[in-house]
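J.: Sharing a structure, written as structure tokens. Questions coming.
The values are calculated or read from the model by the stated rules, or taken from the named source; none is laboratory data. None of the values given here were measured: they were computed from a predicted structure. Here the Cβ positions follow ideal geometry from the backbone for every residue, glycine too, while neighbour counts run over all protein chains shown. Surface accessibility is based on the protein's heavy atoms, side chains included, excluding ligands, DNA and RNA. Shrake-Rupley method; radii C 1.70, N 1.55, O 1.52, S 1.80 Å.
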Number of protein chains: 2
Amino acid sequence: MSAERWRELGQQLRVDSVRASAAAGSGHPTSSMSAADLLAVLLDGGFLRLDTSDLKNPANDHLIFSKGHASPLYYAVLKAAGIIDDAELLTFRKLDSRLEGHPTPRIPPTDVATGSLGQGLPISVGVALAGRKLDRLPYRVWCLCGDSEMAEGSMWEAFEHAAFNGLDNLTAIIDVNRLGQTRETMVGWDLDRYVRRAEAFGWHAIAIDGHDVDAIHAAFEGAVQTTGKPTVIVARTKKGKGVRAVEDQPGKHGKPLDDPEEAVAELGGERDLSVSLAAPDGGRPHAFEIASHPPELPNWETGEQVATRQAYGEALTALGSSRGDLVALDGEVSNSTHSELFREAHEDRYFEMFIAEQQMVAAAVGMQVRGWVPFASTFAAFFTRAYDFIRMAAISRANIRLSGSHAGVSIGEDGPSQMALEDLAAFRAVHGSTVLHPSDANQTAKLVAAMADREGISFIRTLRGKTEVRTPADEDVAIGGSRVARDGDDVAIVACGVTVGQAVEAAERLSGDGIEARVIDAYSIKPIDAETLRAAARECGAIVTVEDHWPEGGLGDAVLEALAEADDRPRVTKLAVREMPVSGTPDELLHEAKIDADAIAAAARELAKATA
Amino acid sequence: MSAERWRELGQQLRVDSVRASAAAGSGHPTSSMSAADLLAVLLDGGFLRLDTSDLKNPANDHLIFSKGHASPLYYAVLKAAGIIDDAELLTFRKLDSRLEGHPTPRIPPTDVATGSLGQGLPISVGVALAGRKLDRLPYRVWCLCGDSEMAEGSMWEAFEHAAFNGLDNLTAIIDVNRLGQTRETMVGWDLDRYVRRAEAFGWHAIAIDGHDVDAIHAAFEGAVQTTGKPTVIVARTKKGKGVRAVEDQPGKHGKPLDDPEEAVAELGGERDLSVSLAAPDGGRPHAFEIASHPPELPNWETGEQVATRQAYGEALTALGSSRGDLVALDGEVSNSTHSELFREAHEDRYFEMFIAEQQMVAAAVGMQVRGWVPFASTFAAFFTRAYDFIRMAAISRANIRLSGSHAGVSIGEDGPSQMALEDLAAFRAVHGSTVLHPSDANQTAKLVAAMADREGISFIRTLRGKTEVRTPADEDVAIGGSRVARDGDDVAIVACGVTVGQAVEAAERLSGDGIEARVIDAYSIKPIDAETLRAAARECGAIVTVEDHWPEGGLGDAVLEALAEADDRPRVTKLAVREMPVSGTPDELLHEAKIDADAIAAAARELAKATA
């Protein structure tokens, strides 16, 4: 217990925040200064238990800055803990530095990228869930939140899920410095409102003066001693604390101090305190019992009618029997996505995330921090709800697998709100992503297996209705591959998912007119099988693409991109959904959208005529 | 006061929900039956005030089904109110019916599409804000919510904003039927937890038995009498109420009843009660005072250095002086997006939405329901947070304008979390959208003016840094247009935003090598100026596209699409951001990403050589 030392360490963290921002010429020193005392006590009070000589120690606590713009403070903390040195601190925001404007995993032990507000706490819930239910280790998760980001709904998803799961290994710290970027928050310094909200969501809440180190210490003690529920420490702080020119002043957000030298002097000058962090409790992560045999993926006879969402559920369940690191999450539609099969077989590795898609994706990101292999599923349309989390997951270098069912107009009667028609575009535009859309059950099973070993963000789009199994069970199916569903040299039709069957039907009709169409089943949309497409361009002279998706950013654009620099650049007709769909039967809607066999045959005929 | 009649009307609404779903062969009757009594009293108790002979009466109340899957109940309500007849009710979910699986504005007086849960209440907040602060009319907004969707964070954004704005013209009704799609919700029938949460967020909360019509009536009375804060009625109900085979049973979600005839008999048979809804109070919408002169858009001299985000703010402010229907919303970054200029000039038409992008877009959708012309702004990256709301806004046939600033690696030091690199792809894949990315201030001002009159979802992407004004103030700039920034016939470079300046610089260097490059400034990405691109394809032989965006779904793909069916299909080299960016200066990052003048010149040289 050393209040004086904590106060000194707090000042050091402020000084280093000011110095780093000054060296960078940008950054958020005032947002760092408000939380400095909180972090000083967390570090030096023995609460953060982290082996700095082994940052990958599975028993380490996790420290997540949900308010990622307080990165100067975060890096000052890393320096105080001996993880970086002062010279590196001053590389903040420079091109070759690991210390980016907002934290990313490029600088260990950072678990995830933050900087889009409202994400660190939901991700912390994922890490805490992993600690409690997967690793079964006593590590704690400490999450520093800004008060401005409490306006993001995703924070309340996190509050609800943390309480529902009794995550007493999670502590949120809200730095209530009152001032956002341009004005006071909606709640201001009314700590009691945060306390009542948190309590109503099932948390233990402690309101304190966030600059009173003894109160901070008592609050952390209270958090550690609380069982059965998570704790939030609601800390009243001052933005820019300690420097009169900026303390509690509006208009001081997100810029270095005008006179950093004077500020450092006012803060008592540079210090060089170093902290020996407490050691983690130790222990090894739990391993789930698995079968001794290799995965026995399901397979189906050609000609069978099976929904690809059903194949997803069956394949994931089979994989889970041989791989204990697989976990499944679902947004309360597990009987639609068929992740319910996994739940039934591997209940303790299934996480019901209810109707909270942001929290679902965040939980998956949190679990992969600890090396688990999450598959999260919902209707493909509803991943749009979590698009910011998916974008950020790529910056986190996260390995997550997402399965979106009920894609396209082919769902029928439920109407456009349930139809994913932009998902391929959205997922293609995620850095390093993999985008898959199998047309049948055998493809699906093999692609699910490939996803388990895939780095980055991978997405598989499945269908509500049954489709005919065309891919023999012993045929190779691989990410980056494709399948020639029918041969021909007069025109090529590139399809995926539900449109493959329509394309084959169109090709059969065209054959009756003497036009032999090659049908390419492009089940891997990113990466796409450019070689096969270039061969088709060379040999067939013209291409029709057809997808149950808007015209922008999906299969058609992927095909055009693959041919953009090729020597043969044939005319390409893109068939896609161009008018807002309504309710109807799947067949009616495929027809109305002009992506059925009729439309494909007509387009192919037109092209074949033009190139004949 | 007629409890018996309300009970009868409730049974009729149940019967009609069962009949409509039976006729469709799909739908959500049990989710409708739980809320039938609530709606019966709302209608027949005189609470919903709506002129059924004039559904566009601006004084009408608004009824929004946030739980859009209870569409059978909604349509049963429209029938009881005389807005549709029984024959139309039975067209539910059929191809040519206005009665889609989830409600859309195709059937008046439906304001917006619902069906993606968690959106109806935030949109209701927008309508209520319009009523209070724009129209200044006493209409009320009644929003029926499901209990499952209370897990969506967006609902709590709505709770916070409604209370913050004192929206006593808004009543939320939570149909706590306890059962989600596969299991009980996290809260179950613990009404008190909803009450405490709502109160902690500043609402008046009333818990009732949702099948006790007298209690329902008293609750609505309580809502109407409450001033200064919104009211939520937390109603304990039974899913499938009234039919033993399904009442409070798991596994009965989202399907028609097995024996609808028996169910109708159990409910007491068909009825044909009709309700004369209460009349609205009347009154005319408020009109804001405006200047008598036409808009005087700002303009700049060529050669000036101006950030396009600054031009956005200035143009919007100028337009707002001549158009009283313009309103602005911002996600607490108004000094970054420069919507602060509008706030300063037109304070009573500016809405601070804090860091709640879902609620911001939803509020814009709610305001345009009443004919207002909203422009909502934040960093372009953070619109990903609201992508589901934007997707649904298109299904709502909403007219909203979104401005995303700080696009691309050109923002520099803040790092990738703040860089929009997927926004063009995401917005292109919104049905009927307009996607604009001006390179200079004069373009920006004219495009902002064009957006005000544009239907659908329009998006303008602006830059953090200053760019040179190249477009003369008197030059035409139009949605669907483009600008030839430099002439040449050896190769074409298609750029937008910050890359236009880089492309011009590259062209100047190429000219020194005897290569004359045409630079096309494609400020309108959707619709794109296909004619100009096809001319370039014909005349220049090869094309380089360059964008500060991931390679997928943005400018490059839009160019390829425009040429896909053209007679001339030249080789196209797409320059785009291909590696995850880090922090650095804007110039460093443009160079690292290979989208600067160096990279453009190299690519153009390569192409010119290949096609020479």
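J.: Taking the stated definitions as given, is A:LEU607 in contact with a strand residue (DSSP E or B) (Cβ under 7 Å, 6 or more places away or on another chain), within 19 Å of A:VAL484 (Cα to Cα), crowded, with 22+ Cβ neighbours inside 10 Å and not small (Gly, Ala, Ser)?
T.: Taking the combined requirement at face value, the residue does not satisfy it.
J.: When segment A:526-542 is examined, which residues are found to be in contact (Cβ under 8 Å) with a residue 60 or more places away in the chain and either within 22 Å of A:ASP487 (Cβ to Cβ) or at the interface with chain B (Cβ under 10 Å from one of its Cβ atoms) (or both)? Full working, then the answer.
T.: Initial filter on segment A:526-542 (in contact (Cβ under 8 Å) with a residue 60 or more places away in the chain): A:526-527, A:541-542.
If the condition is that a residue be in contact (Cβ under 8 Å) with a residue 60 or more places away in the chain and either within 22 Å of A:ASP487 (Cβ to Cβ) or at the interface with chain B (Cβ under 10 Å from one of its Cβ atoms) (or both), then A:LYS526, A:GLY541, A:ALA542 are the ones that fit.
J.: Now for a separate question. Taking only segment A:314-345 into account, find how many residues are within 22 Å of A:LYS466 (Cα to Cα), small (Gly, Ala, Ser), away from chain B (no Cβ under 13 Å) and crowded, with 24+ Cβ neighbours inside 10 Å.
T.: Residues that pass the stated criteria total 1.
J.: Among the numbered conditions (1) assigned to a loop (DSSP other than H, G, I, E, B); (2) free of Cβ contacts under 8 Å to residues at least 40 places away in the same chain, tell me where B:GLU88 comes up short.
T.: (1)
J.: Related question: So B:ALA376 clears everything in (1) open to solvent by 10 Å² or more (accessible area, probe 1.4 Å); (2) touching a residue at least 12 places away in the same chain (Cβ under 8 Å) except one condition, right? Which one?
T.: If we test B:ALA376 against (1) open to solvent by 10 Å² or more (accessible area, probe 1.4 Å); (2) touching a residue at least 12 places away in the same chain (Cβ under 8 Å), just (1) comes out false.
J.: For the list (1) assigned to a loop (DSSP other than H, G, I, E, B); (2) modelled with pLDDT of 95 or more, I need the number of the one condition that A:SER321 fails.
T.: (1)
J.: I would also like to ask the following. Could you go through segment B:193-202 and let me know if any residue there is open to solvent by 40 Å² or more (accessible area, probe 1.4 Å) and either more than 30 Å from B:LYS133 (Cβ to Cβ) or part of a loop (DSSP other than H, G, I, E, B) (or both).
T.: Within segment B:193-202 (the criterion being open to solvent by 40 Å² or more (accessible area, probe 1.4 Å) and either more than 30 Å from B:LYS133 (Cβ to Cβ) or part of a loop (DSSP other than H, G, I, E, B) (or both)), the answer is yes, since at least one residue qualifies.
J.: Now a separate question. Within segment A:328-378, which residues are outside any helix (DSSP H, G or I) and among the aromatic types (Phe, Trp, Tyr)?
T.: Matches in segment A:328-378: A:TYR350, A:PHE351, A:PHE354, A:TRP372, A:PHE375.
J.: Right, here's the next one. I'd like the full set of residues that are more than 24 Å from A:ARG428 (Cα to Cα) and of a type outside the set (A, V, I, L, M, F, W, C), limited to segment A:569-595.
T.: A:SER583, A:GLY584, A:THR585, A:PRO586, A:ASP587, A:GLU588, A:HIS591, A:GLU592 - these are the residues of segment A:569-595 that are more than 24 Å from A:ARG428 (Cα to Cα) and of a type outside the set (A, V, I, L, M, F, W, C).
J.: Go through segment A:401-433 and give me each residue that's within 20 Å of A:GLY366 (Cα to Cα), facing chain B (nearest Cβ under 7 Å) and open to solvent by 10 Å² or more (accessible area, probe 1.4 Å).
T.: Correct list: A:HIS431 only.
J.: Hey, does segment A:453-466 have a residue that's crowded, with 24+ Cβ neighbours inside 10 Å, under 15 Å from the mean Cα position of the chain (by Cα) and among the acidic types (Asp, Glu)?
T.: no
J.: Looking at segment B:158-187 only, could you name the residues that are hydrophobic (A, V, I, L, M, F, W, C), under 15 Å from B:GLY120 (Cβ atoms) and in a helix (DSSP H, G or I)?
T.: B:ALA158, B:PHE159, B:ALA162 - these are the residues of segment B:158-187 that are hydrophobic (A, V, I, L, M, F, W, C), under 15 Å from B:GLY120 (Cβ atoms) and in a helix (DSSP H, G or I).
J.: Anything in segment B:25-60 that is in contact with a Pro (Cβ under 7 Å, 6 or more places away or on another chain) and either under 16 Å from B:GLY82 (Cα atoms) or within 14 Å of chain A (Cβ to nearest Cβ) (or both)? List them, or say none.
T.: Going through segment B:25-60, the residues in contact with a Pro (Cβ under 7 Å, 6 or more places away or on another chain) turn out to be B:25-29, B:32, B:49-51, B:55, B:57-60.
Selection gives B:GLY25, B:SER26, B:GLY27, B:HIS28, B:PRO29, B:ARG49, B:LEU50, B:ASP51, B:LEU55, B:ASN60.
J.: Working carefully through the options A:GLY146, A:GLY180, find the one that is closer than 20 Å to B:MET353 by Cβ, in contact with a strand residue (DSSP E or B) (Cβ under 7 Å, 6 or more places away or on another chain) and not hydrophobic (A, V, I, L, M, F, W, C). Full working, then the answer.
T.: Values: A:GLY180 fails: in contact with a strand residue (DSSP E or B) (Cβ under 7 Å, 6 or more places away or on another chain).
Result of the check over A:GLY146, A:GLY180: A:GLY146.
J.: Then there's this: Out of the strands (runs of 3 or more DSSP E) lying entirely within segment A:401-513, which hold 1 or more residues that are in contact (Cβ under 8 Å) with a residue 60 or more places away in the chain?
T.: Fully inside segment A:401-513 and qualifying: A:434-436, A:457-461, A:466-468, A:491-495.
J.: Oh, and also: Yes or no: segment A:595-603 includes at least one residue that is modelled with pLDDT of 95 or more, crowded, with 20+ Cβ neighbours inside 10 Å and within 8 Å of chain B (Cβ to nearest Cβ).
T.: no
J.: Turning to a different aspect of this structure: Report the residue count in segment A:494-547 for those that are among the hydroxyl-bearing types (Ser, Thr, Tyr) and either in contact with a helix residue (DSSP H, G or I) (Cβ under 7 Å, 6 or more places away or on another chain) or surrounded by 24 or more Cβ atoms within 10 Å (Cβ to Cβ) (or both).
T.: Of the residues in that region, 4 qualify.
J.: Could you list all residues from segment A:582-592 that are more than 8 Å from chain B (Cβ to nearest Cβ) and surrounded by fewer than 23 Cβ atoms within 10 Å (Cβ to Cβ)?
T.: A:PRO586, A:ASP587, A:HIS591
J.: If a residue has to be aliphatic (A, V, I, L, M), out of contact with any Gly (no Cβ under 6 Å at 6 or more places or on another chain), open to solvent by less than 10 Å² (accessible area, probe 1.4 Å) and in a helix (DSSP H, G or I) to count, how many in segment A:22-80 make the cut?
T.: Here the count works out to 10.
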